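Here is the structure we will look at, set down as structure tokens.
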Amino acid sequence: MNRTASIDKPAAQPRLVNQNGQRIGAKGQRTRQKLIDVTVELLQTHGLRDLTVAEVARVAQTSPATFYVYFDGVPEVVLSALEAASQTSPEMLALLDADWVGEDGLQQARSFVTMYCGIWLENSTVFRVRNLAAEEGDLRFIEARRSAVRVLLSRLTARVEAGRIAGRVAQSIDASANAAAILILLERLAAVGSLVSTEGPDHSDIKLAAANMVAHAMGAL
């Protein structure tokens, strides 16, 4: 047996099934995806608790009965949408694998912050809905939120710890707490980007300031 080939072989994708446990064919997958797309679009102007199955079905040009073939309700559609909405990227993780020191470290921090905000913008609707539901105590959305940042938090923690070992971060600093603080900063930065007042600094200036704070927290400066 070729061990290398076995390791490199991608994991099989789970088969989608409907609410009756039946495998979903190509046509069913298109219907299911349309329901997801319509729900996300409607959530740009509706709250999660305000959006009804009937409205989603109407806009998707199908029936509530068809909706219930695939989902229990609107929250379950959002949870399915979140499965395809990554909060990180290979490029971001590659940046965290590099050594952040001095001006190069500051530039890497700027790239990291820009990438993070870009990814958030692409998925802003489902991330906003997820966070609101999580803050209301829905355990499913709390876990979805934690799962989305688990790998990123681990890499950030490792980078902060590397800075601490090198003496660039205070020994009293807990690496995981520092990493969590960075993520909180970035999440709020990305989430309120469109709400920044035109009378103050624009979002690009705030991102630069945030990048400087991240670089310091990581021990780059």
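The values are calculated or read from the model by the stated rules, or taken from the named source; none is laboratory data. All figures in this text were calculated on a predicted structure; none of them were measured in a lab. Counting neighbours? That spans all protein chains shown, and the Cβs are built from the backbone with ideal geometry, glycine included.
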inquiry  = Please pick out the residue among Val17, Val38 that is surrounded by 19 or more Cβ atoms within 10 Å (Cβ to Cβ) and within 22 Å of Ala144 (Cβ to Cβ).
reply    = Val38
ask   = Do we have any residue at all in region 15-28 that's under 21 Å from the mean Cα position of the chain (by Cα), of a type outside the set (Ser, Thr, Tyr) and either within 23 Å of Val69 (Cα to Cα) or at pLDDT 95 or above (or both)?
value = no
task = Return yes when Asp104 is over 22 Å from Leu189 (Cα atoms) and part of a helix (DSSP H, G or I) and no when it is not.
result = yes
remark   = Within region 127-182, restricting to residues that are of a type in the set (Val, Ile, Thr) and under 17 Å from the mean Cα position of the chain (by Cα), the one that is nearest to Asp50 (Cα to Cα) is Val129
inquiry  = Scan region 118-128 and tell me whether some residue there is polar (S, T, N, Q) and loosely packed, with under 15 Cβ neighbours inside 10 Å.
reply    = no
Given (1) at pLDDT below 95; (2) farther than 30 Å from Asn212 by Cα, index of the condition Asp97 fails = (2)
ask   = Any residue in region 38-54 that is outside any helix (DSSP H, G or I), aliphatic (A, V, I, L, M), out of contact with any strand residue (DSSP E or B) (no Cβ under 9 Å at 6 or more places or on another chain) and within 30 Å of Thr157 (Cα to Cα)?
value = no
ask   = Does region 146-160 contain at least one residue that is outside any helix (DSSP H, G or I) and within 21 Å of Gln44 (Cβ to Cβ)?
value = no
request  = Could you please find all residues in region 80-97 being assigned to a helix (DSSP H, G or I), surrounded by fewer than 18 Cβ atoms within 10 Å (Cβ to Cβ) and under 12 Å from the mean Cα position of the chain (by Cα)?
outcome  = Glu83
ask   = Of the numbered conditions (1) of a type in the set (Gly, Ala, Ser); (2) surrounded by 17 or more Cβ atoms within 10 Å (Cβ to Cβ); (3) more than 16 Å from Glu76 (Cβ to Cβ), Ala144 satisfies every one except a single condition; which is it?
value = (3)
request  = Pick out the one residue from Ser147, Ser172 that is under 17 Å from Met92 (Cα atoms) and out of contact with any helix residue (DSSP H, G or I) (no Cβ under 7 Å at 6 or more places or on another chain).
outcome  = Ser147
note = In region 212-221, anything buried (at least 22 other Cβ atoms within 10 Å of the Cβ) and of a type in the set (A, V, I, L, M, F, W, C) is listed as Val214, Ala215, Met218, Ala220
